[in-house]
Each structure stands twice: as structure tokens, then as C-alpha cells.
There are 2 protein chains.
Amino acid sequence: MAENSNRRDEVLETAIDLFSQRGYAGTSIRDIAKAINRSVSNVYHYFENKEDLWLAILEYSVKGLPDKLRNVAHGDGEPLDRFRRLLKAHLEASVLHQRESKIFFIDEERLSPKGKEINRRIQKEILDIYVEQLRILQSHGLVKTKNIKVLAFNMLGTINWYLRWYHARGGMSEEEVHEEIIAFVLYGMCGSDSSNDT
Amino acid sequence: MAENSNRRDEVLETAIDLFSQRGYAGTSIRDIAKAINRSVSNVYHYFENKEDLWLAILEYSVKGLPDKLRNVAHGDGEPLDRFRRLLKAHLEASVLHQRESKIFFIDEERLSPKGKEINRRIQKEILDIYVEQLRILQSHGLVKTKNIKVLAFNMLGTINWYLRWYHARGGMSEEEVHEEIIAFVLYGMCGSDSSNDT
DNA sequence: TACAAGATAGATCGATCGTTCTAGCATTAA
DNA sequence: TTAATGCTAGAACGATCGATCTATCTTGTA
């Protein structure tokens, strides 16, 4: 098969690096080529155009996230446990594809309608997963507020913001940080207790 | 004095609009000029260059935010009440300068070292205000976690994410949304109770 | 060997970028 | 009237953009 050559992946990796650092409009094809000592034509050999490159990044990183989260959310166990697992899976996927997710959230208006549509669809899907799960928790009396959508936005804000400030700093392990974030989402500032390690 | 002409402010307003929608690199001087049926030279008459325009936007919007928040945080009253007021002031300032704040958080790498420095300094100042206040709350036993900084990041994530999804939708008033966010920050998903309106 | 297909570089295209230059128009002061 | 100053438009600069074209070079296959 040899569907993915190493050389193609190198281009992709570099594009992820630069897009996540400088944004879509701020990164030129020449920048990408230069960064790996390749010619511009070489980039165009593997990808039709700039947006195609952008779509390819989504393809092998963020695009599968909604399905992944759905599977976790629809698993077995108590509702609150399932929700904890959802949060954990989301955080782990985020840190695994940190750079790509960053690109994903810089919703640059330069994309074609098709690109924007894909972008929005994925974000909408993730929001819907959270809303669905929160309604279940609500029916169990575990969530008191009526404004489920606002609550979902607040959670996604915390999780997505994590992408911006986290960069493997010392002191805390990745898992510790995740537990801290989950505790915040569930119990907020006043209830967040880091001595609780389950 | 006549320091600010209307014509200059029109340019500034348009730049805020376009920068917040398309990003810094994604907006050209020609775009701005065309949007108000003005010539390119006219933009350059009021602003030295593109980055100067960007700095001018910061100047009359986000730049004063740290001082504003500090004043609120250093006011009278119980620590937790002061913290509530801090959150409320932050949310109100965010929605007041929603577009400018959006620009501010798209940390485009295209800016000069000076521009990037200003950007980072303001964000750092705001973080420090939260960290300081949280340490006070911690010393009162109101915050249990040891990881104050992570907690501060989580809060700022919720608040800053608010800028992205809020656009005066129906159903809830601005104040209701703010109360909901404050409740989330303080008590999280499980404790958030929208029947509590103080 | 010969030929096809894939991979690469380099030159070049028209469009657009940030910026500058030149010149005209309006208003005000002397 | 004249001179100066602020505001405006339009042409043009060199640089860079995304994209294309042509021409090699490599590799595998028959």
C-alpha cells in the first residue's frame, strides 16, 4: 500500500508546527518548505493546495474526536463516573493533539466555506455530546442548573483553555493536572480538593 | 484639544471589527480602508503602520483592565464577596470590549517583540491578580487545592471562553449568564444552582 | 536496456501585501 | 492674497503570497 510516505508526513508535521504557532494566514507554503529544506513544489506534490493541507491535519487528529468521546460517554457505569471518564478522555486527547487542536480553535476566516463547515460541525458535535450527558445527569438530580448549554460552554472553556497554558511544566504530572481540572469542573473553586485522588 | 477626530475613530472601529473576525494577519490595510470607503493613505494618516493600529486598539480597551480588576479586588468586604465582585467586573469588562479581547487572545506571532511583550505583560498581570486573591481565599480555608495557579488558569479559561460563544442570544439576560458563570467557577457543575440570585 | 511513474527543484505567474510618494483639496492664520 | 497645515486620493514601490509550469532525477518493472 505505502499510503503514507515519510516525506509526506514530514511536511504535515511541519505544517502543524507552524500553523499552531503563527496561525493559518500567518504561515506561508514557503515557510513550511523552508523549514524542512524542501521546495515549494514538493509541498504541492503531496497536497493539492493550502487548505487541503489544513484539512489533512484535521483528518488525522481532531476529526475522530467526537466519535471517541461518544464511545466513552455511552459506556457502562454510573452516570457521574461516565462523565468523569468523558472529561478524562477529552483532556488526554487534547494533550495528545495539542498543536492540532490549537489550529482548530483559531477559526480563521480565510478558509473556504467547506473548511469552515467542517470546523463548525466538529465543534457542534462535541458540544452536543456534553449537552446530552449533562441532561442525563440533570435527570438524576446531579446537576441543578437549568442552563445546560451555558454549563457545557463553561466546561469546554476550561478544557480548551488547558491547550493554551499547558506545556509540560515541572511539579505536576499530566495526570495530576487532569484530575485538578476535573475536580474544578465538577466542584468549582470552593470544592476543588486535590487530596482526592480518584 | 480635539485629540480624537471622528474619522480616526471610524478607522479604529473598523479595524477592531475586522481584526476580531479575520485575525491580524488575515486583515489587510486595504480591507480596512475599503470597508469605510476610504483610501489606504487615509489609514496611514492616522496610524504609523499596521502594528501601531493594533497597539491603539489595545490602548483604549484591554490595557486598563488589570488596574480596573486590581481596584475591585482590593476593595472592602469579605474575601469571598470581593472575589465575586472581581469575577463580575471581569465578565462585564469582557463583554464590553468583546471584539478587542478576541483580538487580544489571538496571539499572532506576526507582531513585533514590543507588541508581543505588551500582550504577554497584560495577560500575566491578570493571572497574578487571580493568583493573589486565591491565595488569600486559601489562607481563609475557602480554597482547598494546593495548585492555585492551575485553578487560576481554569477560571480564566471559563471567563475568556465566554468571549467566544456569547453573542446576545435570547432567553437569558447578560446578568443571568454572568451569575451562571460565577456559580460555575465557585461551585462547579454539581453545585451550580441558578435559583441562587445573589 | 527501455519505459512509466513518482519525487524533486527552480523559474515564473498574477495577485496582494505593507508602505511610501506625490499631488490636490480644504481650512485657517497672517 | 499668501502661506501653512491637515486631510484625502491614487499611483507606485519592492516583497511576498498561493499556485503553476517545465525540466530534471530516481526508482521500479518489463
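The numbers here are math on the coordinates, done by the rules we state, and not lab data. Keep in mind that what you see is a predicted model, and the values were worked out from it rather than measured. No Cβ is skipped: glycine too gets one built from the backbone with ideal geometry, and neighbour counts run over all protein chains shown.
When the Cα convex hull of the protein assembly as shown is projected onto planes of every orientation, the mean area is 23.3 nm². Count Lys and Arg as plus one, Asp and Glu as minus one, and take only other residues whose Cβ is under 14 Å from that of B:Leu69; the net charge is then +3.
For chain A, count all C-alpha to C-alpha pairs, find those more than 29 Å apart, and express that count as a whole percent of the total. Each step should come with its number before you reach the end.
Numbers: 6429 of 19503 pairs.
The calculated P(r) of chain A puts 33 percent of pairs beyond 29 Å.
From least to most packed, judged by other beta carbons within 10 angstrom and beginning with the fewest, A:Ser28, A:Ser61, B:Ser173 follow the order B:Ser173, A:Ser28, A:Ser61.
For region A:27-86, which GluC sites (Glu not before Pro) are both in a DSSP coil and crowded by at most 12 other Cβ atoms within 10 Å? If you can, show how the numbers build up before the last one.
Values: sites: A:Glu48, A:Glu51, A:Glu59; in loops: A:Glu48.
Answer in residue order: A:Glu48.
For chain A, the number of Lys pairs with C-alpha atoms closer than 17 Å, counting only pairs eight or more positions apart or on separate chains, is 14.
At q = 0.14, 0.24, 0.26, 0.30 Å⁻¹, what is the log10 ratio I(q)/I(0) for region A:6-50, with the Debye formula run over Cα points and no solvent? Calculated log10 I(q)/I(0) at the listed q: -0.25, -0.78, -0.92, -1.20. With helices as the sole contributors, chain B gives -22500 deg cm²/dmol at 222 nm; each DSSP H run of n ≥ 4 counts as -39500 (n - 2.57), and the sum is divided by every residue. The residues packed around A:Ser139, meaning those with a beta-carbon under 15 Å from its beta-carbon, carry a net charge of +2 if Lys and Arg are +1 and Asp and Glu are -1. When only alpha carbons are used to place a centre, region A:129-159 and region A:24-100 end up 25 Å from one another. Taking a quarter of the surface of the Cα convex hull of region A:57-116 gives a mean projected area of 4.7 nm². Inter-copy label distances at A:Asp67, using a point 7 Å along Cα-to-Cβ, come to 5.5 nm with the shortest given first.
What separates the B:Asp52 label point from its copies, with the point 7 Å along Cα to Cβ, is 4.3 nm, written shortest first. Exposure proxy ranking for A:Met155, A:Met172, A:Met189, based on other Cβ atoms within 10 angstrom of each Cβ and starting from the fewest, stands as A:Met172, A:Met189, A:Met155.
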